[in-house]
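The values are calculated or read from the model by the stated rules, or taken from the named source; none is laboratory data. As the structure is a prediction and not an experimental result, all values here were calculated from the model. Please note: Cβ atoms are built from the backbone with ideal geometry, for glycine as well, and neighbour counts cover all protein chains shown.
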Amino acid sequence: MVEPNLNAYLQNQIKQAQDLEAQIEQIANQRYQLDMKVKELDKTLKELNNAKDDAPIYKNVGPILYKIDDRAKLVSDLEEQKELGQMRLKTLENQQKTLEAKYKELEETIQRKYEESTKGNNQQLS
């Protein structure tokens, strides 16, 4: 909540910090969802590697299951999806770290400016 007696600069800094906080949360949610997908792909690949070569393999697309004839292509596609997911995870992690650093810097600036602001007000009251 922004206090009405803070100057416009400080209010702007607080708004920026709130925006950064929302972006960090959004990226954290994206990372979680993507991490779950990568883990699921990894588990699927392990199951495919453990299944017998002549075992039938089915893939679901929405509510429909269909039989896969080209097992090697399926494995290759899943490995590619997993690799892309891992690369995207690294990108999101780096974005999150960058935003967290900016947030911390902004937080320190806000704290410093707020202390300067209240110190100045207290001196004027004396």
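The table for this structure:
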{"quantity": "Selection within the range 45-65 - surrounded by 12 or more Cβ atoms within 10 Å (Cβ to Cβ), under 22 Å from L84 (Cα atoms) and either at pLDDT 95 or above or aliphatic (A, V, I, L, M) (or both)", "calculated": "L45, L48"}
{"quantity": "Any hit, the range 90-100, residues being hydrophobic (A, V, I, L, M, F, W, C), more than 30 Å from A17 (Cβ to Cβ) and assigned to a helix (DSSP H, G or I)", "calculated": "no"}
{"quantity": "Positions within the range 85-106 being surrounded by fewer than 13 Cβ atoms within 10 Å (Cβ to Cβ) and over 12 Å from the mean Cα position of the chain (by Cα), in sequence order", "calculated": "M87, A101, K104, E105"}
{"quantity": "Qualifying residue in the range 70-82 (condition: free of Cβ contacts under 8 Å to residues at least 24 places away in the same chain, under 30 Å from Q23 (Cα atoms) and in a helix (DSSP H, G or I))", "calculated": "yes"}
{"quantity": "Lone qualifier among Q23, Q81 - being closer than 30 Å to Q111 by Cα and surrounded by 13 or more Cβ atoms within 10 Å (Cβ to Cβ)", "calculated": "Q23"}
{"quantity": "Filter result for A17 (within 30 Å of K113 (Cα to Cα), assigned to a helix (DSSP H, G or I), among the small types (G, A, S) and in contact with an Asp or Glu (Cβ under 9 Å, 6 or more places away or on another chain))", "calculated": "yes"}
{"quantity": "Members of the range 90-120 that are of a type in the set (A, V, I, L, M) and in contact with a helix residue (DSSP H, G or I) (Cβ under 8 Å, 6 or more places away or on another chain)", "calculated": "L92, L99, L106, I110"}
